[in-house]
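Student: Pasting a structure below so you can have a look.
No lab work stands behind these numbers, since they all come straight from the coordinates. Predicted model, so just to flag it, every value in this text is computed and none were measured. All Cβ positions, glycine included, derive from the backbone under ideal geometry; neighbour counts span all protein chains shown.
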Ligand SMILES: [Mg+2]
């Protein structure tokens, strides 16, 4: 022990505030909308597949997801889905884009407490417009020394941030709900990571095969447990 953490990185979606539930709700609504054309399981799997392959074309975020919903509607209805259905899909997207930001339990208090002792950095990936809007509505910006919007959370991307802010990887701890984006890339370049699993996490973010086998990272159930973990790590406990 006796680990000296100086900077704590936080993922945002489903680590600080709810996100995936918005997608699940829209997915359910799409399934209902397309129920005259296809079985629910098929609609869901087609949408998942389309969404995943569209990341490479449109990136992450609600607008990308919306195009995937429209593609799914057209494909699974064999082109018979019309203006009404497309209008409905657009209304799902508008609802997602205008929804309030709901903070997860314990976030506000924990950030307020940690910001006194550590430099906090929010690192969020996705559509810039959507993420900026959420940061603004969350009221959390005041706790963060740095806020970084990135396209993908790769080891190289984290490395770039370490260089940009002259951070020692050994003094950096990343906190998030995605093994793929928040945990694996950070520990692979010498940082530390705390995994906080979230009940609704997109399979794309949890499926890392065997890449984490034998790698050391920490896991807690709730962000409120983070101050105690940091205390233990510092060896003062
Ligand atoms: Mg996340």
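Student: Quick one: grab Rg to one decimal and Dmax as a whole number for region 130-191, Cα atoms only, in Å.
Tutor: 12.3, 33
Student: State the three equivalent ellipsoid semi-axes of region 97-168, derived from the C-alpha gyration tensor as the square roots of 5 times its eigenvalues, in descending order and whole Å.
Tutor: In descending order, the three semi-axes are 22, 18, 9 Å.
Student: In the Gaussian network model of the chain, springs joining C-alpha atoms below 10 Å, which of 79, 139, 106 carries the largest mean-square fluctuation?
Tutor: 79
Student: Have a look at 213, 127, 100 and tell me which one the Gaussian network model of the chain (Cα, springs below 10 Å) gives the largest fluctuation.
Tutor: Its mean-square fluctuation being the largest, the pick is 213.
Student: In 10 Å bins starting at 0, how do the alpha-carbon pair distances of region 1-160 split up by percent?
Tutor: 9, 34, 29, 18, 8, 2, 0
Student: Turning to a different aspect of this structure: Give the span of region 192-235's Cα atoms along each principal axis, as three whole-Å numbers ordered largest to smallest.
Tutor: Principal extents (Cα only, largest first): 34, 24, 11 Å.
Student: Roughly what would the spin-label model give for residue 49 and residue 142, points 7 Å off Cα along C-beta, in nm?
Tutor: 4.9
Student: Contour minus end-to-end for residue 220 and residue 29, with contour as 0.36 nm per residue of separation and end-to-end as the Cα-Cα distance?
Tutor: Between residue 220 and residue 29, full extension yields an extra 65.5 nm.
Student: Here is a further query. Provide the three semi-axes, in whole Å and in decreasing order, of the ellipsoid equivalent to region 8-93 as defined by the square roots of 5 times the Cα gyration tensor eigenvalues.
Tutor: Result for region 8-93: semi-axes of 25, 13, 12 Å.
Student: Would you look at the GNM of the chain, springs on alpha carbons closer than 10 Å, and say which of 210, 154, 110 moves the most?
Tutor: Judging by the Gaussian network model, the answer is 210.
Student: Further, regarding this structure: From Cα pairs below 8 angstrom and at least 6 apart in sequence, can you work out the relative contact order of region 1-82, rounded to a whole percent?
Tutor: 24
Student: Could I ask something else about it? Could you tell me the largest-minus-smallest coordinate of the C-alpha atoms of region 131-236 on each of the three principal axes, in descending order and whole angstroms?
Tutor: Between the extreme Cα coordinates on each principal axis of region 131-236 lie 38, 37, 30 Å.
Student: Given only helices, namely DSSP H runs of n ≥ 4 each adding -39500 (n - 2.57), what is the per-residue ellipticity at 222 nm of the chain, to the nearest 500 deg cm²/dmol?
Tutor: Value at 222 nm, helices only: -14500 deg cm²/dmol.
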